[in-house]
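The values are calculated or read from the model by the stated rules, or taken from the named source; none is laboratory data. From a predicted model like this one, the values you see are computed outputs, not experimental measurements. Cβ sites come from the backbone with ideal geometry, for glycine too, and all protein chains shown count toward neighbours. All accessible areas refer to the heavy atoms of the entire protein, side chains included, with ligands and DNA or RNA removed. Shrake-Rupley method; radii C 1.70, N 1.55, O 1.52, S 1.80 Å.
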Amino acid sequence: MDRRVYDRMAEHDSTHWWYRARRDILADYLTREGRLPAKARILEIGCGTGHNLPMLAAFGEVDAIEIDPAARGIAGRRLGKPVGDSPLPSLPGVPDAHYDLIAVLDVVEHIEDDVAALAAMRARLAPGGKILITVPAHQWMWSAHDVVNHHHRRYSKSTLVKAIEAAGLRPRKLGYFNSLLFPLAAGARIAGRLTGRDDSDDSPPPPLVNKLFETIFRFERHMVGRLPMPPGVSIVTLAEPA
């Protein structure tokens with residue numbers, strides 16, 4: 001990602017409506033669907049500034065990987081131990097058959113060979129392990145935001161399933177989320193394309209709007225994994241070895 005993306009992440013990941021609500025949604029999703037053992041061994045790959053690490057730590061002992069040096073330093077301070085720098089798709093030095101859960105939260109779209117990356121993660125799963133995956137949805141929503149984040153693609157349900165299955169995995173509880181705000185997001189992307197507006201600045205909106213968006217998005221924690229969600233900005237699934 002561009003350096004400015006990491007800088008904004010470090011500045012806003014504790015206050016921005018998207019980060020805050022998504023953590024709660026994923027925590028509820030894992031609680032219901034993760035079926036993790038007690039004291040699960042967890043690895044987050046591409047942890048950025050480490051804003052998801054406290055949430056994941058509620059489920060077990062967490063290790064983390066981040067290739068950006070500055071973000072890795074912030075994440076290490078949050079985690080309380082060093083964060084690794086093994087790159088995808090090969091994950092050199094990461095032990096095989098070790099982790100009960102691997103979390104890749106808006107990471108796979110950054111990897112040119114997504115199938116090889118998912119296959120490398122599969123090799124690192126302990127028996128019964130699974131991979132928590134979130135990705136951005138809808139290639140037609142491609143914008144400057146994707147460019148500065150160095151995305152290779154956005155996914156449809158079918159293209160994500162195809163990549164997962166090609167890596168020797170099967171998806172479970174796959175569906176959209178960030179659906180309630182999807183009409184606003186889609187409208188903004190279309191308007192930006194028509195006007196040429198640059199949408200790469202993902203700083204939070206004014207406080208009252210930020211709180212409103214957080215409340216609306218967080219409400220999805222009651223639905224994701226339980227109900228078929230209408231089209232959303234993102235897709236989530238738990239992938240298991242086939």
Only one of 15, 49, 31 is β-branched (Val, Ile, Thr), part of a loop (DSSP other than H, G, I, E, B) and open to solvent by 10 Å² or more (accessible area, probe 1.4 Å). Can you tell me which? 15
Of 130, 81, the only residue that is without any contact (Cβ under 8 Å) to a residue 40 or more places away in the chain, among the basic types (Lys, Arg) and either touching a strand residue (DSSP E or B) at 6+ places or on another chain (Cβ under 7 Å) or open to solvent by 10 Å² or more (accessible area, probe 1.4 Å) (or both) is 81
I'd like the full set of residues that are in a helix (DSSP H, G or I), open to solvent by 40 Å² or more (accessible area, probe 1.4 Å) and more than 21 Å from residue 37 (Cα to Cα), limited to the stretch 52-78. 69, 70, 72, 74, 77, 78
Sort out which residues of the stretch 100-127 are open to solvent by less than 10 Å² (accessible area, probe 1.4 Å), of a type outside the set (A, V, I, L, M, F, W, C) and closer than 10 Å to residue 88 by Cα, and write them in order of number. none
Within the stretch 136-202, helices (runs of 4 or more DSSP H) holding 1 or more residues that are charged (D, E, K, R) and open to solvent by less than 70 Å² (accessible area, probe 1.4 Å): 144-148, 182-195
Among (1) out of contact with any Leu (no Cβ under 6 Å at 6 or more places or on another chain); (2) not in a strand (DSSP E or B), there is one condition residue 128 misses while meeting the rest; what is its number? (2)
Which of the residues belonging to the stretch 203-242 are open to solvent by less than 30 Å² (accessible area, probe 1.4 Å) and in contact with a strand residue (DSSP E or B) (Cβ under 7 Å, 6 or more places away or on another chain)? 220, 224, 225, 229, 232, 233, 234, 235, 236, 237, 238, 239
